[in-house]
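**Q** Before I ask anything, here is the structure I am working with.
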Amino acid sequence: MAHKISMLRDKNTATAQFYQLVKEIGALLAYEATSSLALETSIIETPLQATTGYTLAGGIGITPILRAGLGLAEGFREVIPDVQVWHLGLRRDERTLQALEYYNQLPHQVNLQVCYAVDPMLATGGSAIDAINILKRRNIPRLSYIGIIAAPYGLLRLSRAHPDIDIYVAALDETLNDYGYIVPGLGDAGDRQFGTL
Ligand code: PRP
Ligand code: URA
């Protein structure tokens, strides 16, 4: 993970490799974040004998926070393909740093055991807090946040606003700069994934 994140941070890493790395990290985080999910047992027959089999007890949802959450969501789906994907568009205003909702494809009928909000960057925490607020209106039994890099300020705000959720991040950085960017960070995760620098 440290090796992959170092390559992400490197300003010389080009778009295609950056996107590939985000997907690979998404897969590793999916492994970590799903390790405690509820399972149901049943008896299955191997060619040799009966044994206990396991299936996930209830559906899994992922909410990529657009745009930057898309690569993470793709990596997650490579580990667990059978998921519902609920797209949520939040754009952080560059001046106020407030998140604005511009797209919402969350279904109204919900039957999930857990939903993961995925977004690589937890900076001021505003986008993550808003995303979890929106997901909470769907009454899902369990919510989690998955990110790649967090600033201490954003992590603290998210955990205070939503003490009931699990938070998985791969790196905790030093601070935020005057423009709300994580430092050392990796720059703009959306622009770097989609080549819009
Ligand atoms: C980035 C990032 C988060 C948000 C983090 O998205 O992907 O969603 O900023 O900042 P915060 O913790 O201060 O809210 P951005 O709004 O730049 O949109 P993008 O994904 O389309 O680039
Ligand atoms: N969004 C990003 O993409 N990067 C940051 O450092 C902060 C917010």
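**Q** For Arg91 and Thr41, what does the FRET efficiency come to when R0 = 41 Å and r is the distance between their Cβ atoms, rounded to the nearest 0.05? Mind showing how you got there, number by number?
**A** Numbers: r = 44 Å, r/R0 = 1.07.
In this case the efficiency is close to 0.40.
**Q** Averaging over all projection directions, find the projected area of the Cα convex hull of the chain and quote it in nm² with one decimal place.
**A** Details: hull surface 49.9 nm².
Taking the Cα atoms of the chain, their convex hull projects to 12.5 nm² on average.
**Q** Still on this model: With Cβ to Cβ distances under 15 Å as the rule, what net charge do the other residues near Pro163 carry (K, R +1; D, E -1)? Walk me through the numbers on the way to the answer.
**A** On the way: positive: Lys136, Arg142, Arg157, Arg160; negative: Asp164, Asp166.
Charge balance in the 15 Å sphere: +2.
**Q** Where does each of 16-23, 69-76 land if you order them by average Cβ count within 10 Å, highest first?
**A** Ranked by mean Cβ neighbours within 10 Å, highest first: 69-76, 16-23.
**Q** Taking a cut-off of 17 Å between Cα atoms, list the lysines near Lys23, but don't count ones fewer than 8 places away on the same chain.
**A** The qualifying lysines are Lys4.
**Q** Right, here's the next one. Below 12 angstrom from the Cβ of Thr196, what's the summed charge of the other residues (Lys, Arg +1; Asp, Glu -1)? Can you show the working numbers first?
**A** Values: positive: Arg67, Arg192; negative: Asp188, Asp191.
Neighbourhood net charge equals 0.
**Q** Which order, highest average first, do 188-195, 39-46 follow once you tally other Cβ atoms within 10 Å for each residue and take the mean per peptide? Don't skip to the answer; put the middle values down first.
**A** Details: 188-195: 18.5, 39-46: 9.2.
Ranking, from highest mean packing down: 188-195, 39-46.
**Q** Something else: If you take the charge dipole of the chain about its Cα centre, with +1 on Lys and Arg Cβ and -1 on Asp and Glu Cβ, which of Pro107, Ile25, Asn12 is farthest toward its positive end?
**A** Pro107
**Q** Hey, in the GNM for the chain with a 10 angstrom Cα cutoff, which one of Ala170, Ala68, Ala50 fluctuates hardest?
**A** Ala50
**Q** Arrange the peptides 176-186, 4-14 so that the one whose residues have, on average, the most other Cβ atoms within 10 Å appears first.
**A** Details: 176-186: 16.1, 4-14: 14.0.
Going by the mean number of other Cβ atoms within 10 Å, highest first, we get 176-186, 4-14.
**Q** Explain nothing, just the number: relative contact order of segment 43-197, from Cα pairs under 8 Å at least 6 residues apart, as a whole percent. All intermediate terms of the calculation are to be shown ahead of the outcome.
**A** Details: 292 pairs, mean separation 29.6, N = 155.
This gives 19 percent for segment 43-197.
**Q** Still on this structure: With just the Cα atoms defining each centre, how far is segment 46-85 from segment 110-163? Give it in Å.
**A** The distance from the Cα centre of segment 46-85 to that of segment 110-163 comes to 19 Å.
**Q** Please give the contour-minus-distance gain from Tyr54 to Asn104: 0.36 nm per residue of separation, less the Cα-Cα distance, rounded to one decimal in nm. Provide the component values of the computation, followed by the final result.
**A** On the way: separation 50, 0.36 × 50 = 18.00 nm, distance 3.34 nm.
Result for the pair: 14.7 nm of gain on full extension.
Computed from the coordinates by the stated procedures, all read-outs in this text should not be read as laboratory data. If you're wondering where the values come from, they're calculated on a predicted model, not measured in any experiment. Here the Cβ is made from the backbone with ideal geometry for all residues, glycine too, and neighbour counts use every protein chain on show.
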